[in-house]
1. Among the residues of region 57-81, count how many are surrounded by fewer than 24 Cβ atoms within 10 Å (Cβ to Cβ) and within 23 Å of R135 (Cα to Cα).
2. Working only within region 98-114, note down all residues that are closer than 23 Å to H27 by Cβ and more than 15 Å from the chain's Cα centre (by Cα).
3. Inspect region 21-41 for any residue being touching a residue at least 24 places away in the same chain (Cβ under 8 Å), surrounded by 24 or more Cβ atoms within 10 Å (Cβ to Cβ) and over 12 Å from the mean Cα position of the chain (by Cα) and give the result as yes or no.
4. Got at least one residue in region 61-78 being touching a Pro at 6+ places or on another chain (Cβ under 6 Å) and within 22 Å of R109 (Cβ to Cβ)?
5. Which of the residues spanning region 89-102 are in contact with a helix residue (DSSP H, G or I) (Cβ under 6 Å, 6 or more places away or on another chain), among the hydrophobic types (A, V, I, L, M, F, W, C) and touching a residue at least 24 places away in the same chain (Cβ under 8 Å)?
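Read the figures in this text as sums done on the coordinates, not as results from a lab. For clarity, every value in this text was computed on a predicted model and none was experimentally measured. Positions of Cβ are generated from backbone atoms using ideal geometry, with glycine treated the same way; all protein chains shown enter the neighbour counts.
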Amino acid sequence: MRIAVSADHAGVDLKDILSAWLKEGGHDIIDLGTHGHDSVDYPRFGTMLAEALAEGDADRGIAVCGSGIGIAIAANRNPACRCAQVAEPLSASLARQHNDANAIALGARLIGIDMAKACVTAFLTTEFKGGRHQRRVDQLTALKQDC
């Protein structure tokens with residue numbers, strides 16, 4: 001799977017750990033940065049992640065900032081991105097099953113490495129259920145187009 005990863009300065013260490021782990025698992029990683037601890041603005045990195053998904057460069061996305069909230073909001077400004085901020089595997093799984101999320105956001109200051117890996121595993125291995133959930137995903141898409 002082609003996975004785009006992005007982070008601000010607060011999330012760079014977790015992003016790098018997850019990227020290496022995913023590469024070991026056979027995934028193609030598109031590392032959108034940041035690559036250091038100097039202060040950067042998370043909206044830029046959320047936007048780049050969403051653009052990678054919208055342009056078809058990546059199948060899924062993982063965004064990391066201090067809380068996971070700001071970068072998720074930024075990513076969701078793009079109508080092609082459905083990014084869910086998650087902190088445990090059940091939310092990651094439900095984001096896929098019910099919302100067809102194509103990205104997740106993690107809070108590096110709120111989640112440990114093992115829990116982050118569990119969230120990513122749930123996100124990558126859970127399929128969208130479709131059915132009644134498809135109608136709702138379609139409504140989300142329509143809302144974004146109407147704005």
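1. 8
2. Let us first name the residues in region 98-114 that are closer than 23 Å to H27 by Cβ, namely 99-108, 111-114.
Within region 98-114, G112, I113, D114 meet the criteria.
3. Residues of region 21-41 that are touching a residue at least 24 places away in the same chain (Cβ under 8 Å), as a first pass: 21-22, 27-34, 36-41.
Keeping just the survivors that are surrounded by 24 or more Cβ atoms within 10 Å (Cβ to Cβ) gives none.
No; the residues of region 21-41 include none that is touching a residue at least 24 places away in the same chain (Cβ under 8 Å), surrounded by 24 or more Cβ atoms within 10 Å (Cβ to Cβ) and over 12 Å from the mean Cα position of the chain (by Cα).
4. Looking only at region 61-78, we keep the residues that are touching a Pro at 6+ places or on another chain (Cβ under 6 Å), and these are 74.
Checking the rest, the ones that are also within 22 Å of R109 (Cβ to Cβ) come to 74.
So far as region 61-78 goes, yes, one or more of its residues are touching a Pro at 6+ places or on another chain (Cβ under 6 Å) and within 22 Å of R109 (Cβ to Cβ).
5. A92
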